[in-house]
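Worksheet for the structure shown next.
Computed from the coordinates by the stated procedures, all read-outs in this text should not be read as laboratory data. Note that the structure is a prediction, hence the values are computed from the model and not measured. Neighbour counts run over all protein chains shown; Cβ positions are idealised from the backbone, glycine included.
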Amino acid sequence: MAKDTLNKANFFSDMKKFMPLLKNLVSKDFKIKYRRSVLGVAWSVLNPLFTMLVITTVFGKLLKIEVENFATYYIVGFAIWNFFSEATSNSLGSILSAAPLIKKVYIPKYIFPIEKCLFSLVNFFFTLIAVVIVMLFQGVVPSVTAILFPIPVIYCFIFVCGVSLFLSAATVYFRDIQHLYGVLLTMLMYLTPIIYPLELLNDHSFVLRIVKINPITHYVEYFRNLVMYNTIPSLEENLICIGMSLLALLVGGFVFKKAEGKFILHI
Amino acid sequence: MVNENAVELRNVEMHFNMSKEKLESLKEYFLKLVKRQLYFEDFVAVDNVSFDIKKGDVFGIVGLNGCGKSTTLKIISGILEPTKGTVKTYGTIAPLIELGAGFDMDLTARENIYLNGSVLGYSKKFMDEKFDEIVEFSEMREFLDVPMKNYSSGMVARIGFAIATVTTPDILIVDEILAVGDFLFQQKCEERINAMINDDTTVIIVSHSIEQIERLCKHCVWLEKGKIKMIGDAKEVCDAYKNSQR
């Protein structure tokens, strides 16, 4: 049983061996996040609810954005958006903060960004509880198609993993990304129809085009169509989503693979 | 095929870019790129080192600070990729490089034992079975549910050592770790390492304590400025090393 250190990653045997690590890291993050807070896990549900209250007050009541069941409209989109933004911004520094480990033990390095994505996925399911609460409160009956909701979540998860792999590798070399990414996220959020309907942009064809290129728009709309509007997105839409997810994963994976060998010299 | 060697190093070289200032921002990078100031000073930490370690051997590495001992260990354990040359290892490796590297100080010892076990690639089931043995060896039972930030460094090291040596790996890498812990625990550690040696484990030890190397090792290499100065029988190498220091 020879292990050639130069070509060390036997991807699948590594993956099997380090599955428990992945699981433990996720549960560690979870424990640390809520340790010593009185309400604990309940915050995962309360946080999106409070955000929803603020947004619906500002945009629904004051700025009068006209969407039927605005609170539901918002929180459904927010769930997907929050998954994306939390996962990517957490994995951004994941390699850097794992430096003490990476320097001392051989661990496949993709574990760290992927772990952050999984952690955010767990959080996403708590946000779903908040979504259900808001729907009940507003009296919105979920569509039958809502049972298909795992499909956009899986698309989005693959996309998020790709972006996270890319970001975590790039951040090792250029720390500026840590500071830049917050601004980028804010921009991207406004380019995603979360607090406004797409129709609002009908007079601004240029912005509309950008919003439609934005991959997260597709995942948000897909999810919303299933949950709120009893619509199953077309085959074309599915192919677009799959295409974007796989592209992100391929590019992210490729960049990560190229960069990981030299991580240790930079962290 | 019977292979006699546990570790084979062939013409291994490790270079580091010693940039005078670390470039960590895009702006700096592009500015320097445009000005063509992206010079790095090449630093050779390990220079053309080749040696074999036989199966079941106890192999010591000695040398002054900065001679490439730890770098060599890191190359063997697969943490660093050598710039040139090849490394082959046969069998499972349990690195003891700095105990407790994977601990999260906010977690309790109990949680950390499982976390650290999975860092070393052990399964949950395996850790369940070995949990008591680890606790027993570290003698830390009464502190199991205390967050590890409240531990002393010796206590952390005890848990770390107990986890790392819970299996009998094919290759065990020991880097200066026996310096921590009180003398009773040091004895205990040494006993365990001796037990492993008798169990046909290949052990690689780095230490500044020449007595320890002489006592434990069969063969030894002496590194100086990244090159092999002498290799062979532990006693002879240690004598030569000691004499050179006077």
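Of the two radii for the stretch B:102-164, the radius of gyration is 0.92 times the Kirkwood radius, both from the alpha carbons; that is the Rg over Rh value.
Among the listed pairs A:Lys262/B:Lys242; A:Lys262/B:Lys188; A:Lys31/B:Lys149; A:Lys109/B:Lys225; A:Lys109/A:Lys212; A:Lys16/B:Lys69, give every one whose C-alpha distance is greater than 26 Å. Pairs exceeding 26 Å: A:Lys262/B:Lys242; A:Lys262/B:Lys188; A:Lys109/B:Lys225; A:Lys109/A:Lys212; A:Lys16/B:Lys69.
Note on B:Leu216, A:Leu21, A:Leu136: ascending count of other Cβ atoms within 10 Å places them as A:Leu136, B:Leu216, A:Leu21, the fewest first. Consider all pairwise Cα distances in the stretch A:41-153 and report the whole-number % of them above 18 Å. It works out to 59 percent of all Cα pairs.
Antiparallel beta bridges, as assigned by DSSP with both residues in the protein assembly as shown, represent about 60 percent of the total such bridges.
With a ≥ b ≥ c the root eigenvalues of the C-alpha gyration tensor of the stretch B:112-246, is it rounded (a/c under 1.5), prolate (a/b larger than b/c) or oblate? Taking the square roots of the gyration eigenvalues as a ≥ b ≥ c, the stretch B:112-246 is prolate. Below 8 Å, C-alpha to C-alpha, sequence gap of six or more: please give me the relative contact order for chain A in percent. Value for chain A: 26 percent. Within the shell of other residues whose beta carbon sits under 15 angstrom from the beta carbon of A:Ile240, the net charge comes to -1, with Lys and Arg scored +1 and Asp and Glu -1. Calculated mean residue ellipticity, 222 nm, chain B: -11500 deg cm²/dmol, from DSSP H runs (n ≥ 4) at -39500 (n - 2.57) each, averaged per residue and rounded to 500.
In the calculated pair distance distribution of chain B, what percentage of Cα-Cα distances lie above 22 Å? Result for the distance tail: 59 percent.
Think of it as helices only: each DSSP H run of n ≥ 4 in chain A is worth -39500 (n - 2.57), and spread over all residues that comes to -23500 deg cm²/dmol at 222 nm.
Derived from the Cα gyration tensor, the three semi-axes of the equivalent ellipsoid of the stretch A:40-266 are 32, 19, 17 Å, largest first. Rounded to the nearest angstrom and listed largest first, the equivalent-ellipsoid semi-axes of the stretch A:179-267 from its Cα gyration tensor are 31, 18, 11. Dimensions of the protein assembly as shown based on its C-alpha atoms, expressed as ranges along the principal axes with the largest first, amount to 87, 60, 44 Å. Summary value for the stretch B:102-164: 46 percent relative contact order, contacts being C-alpha pairs under 8 angstrom separated by 6+ residues. Peptides A:98-108, B:110-120 ranked from most to least packed, by the mean per-residue count of other Cβ atoms within 10 Å: B:110-120, A:98-108.
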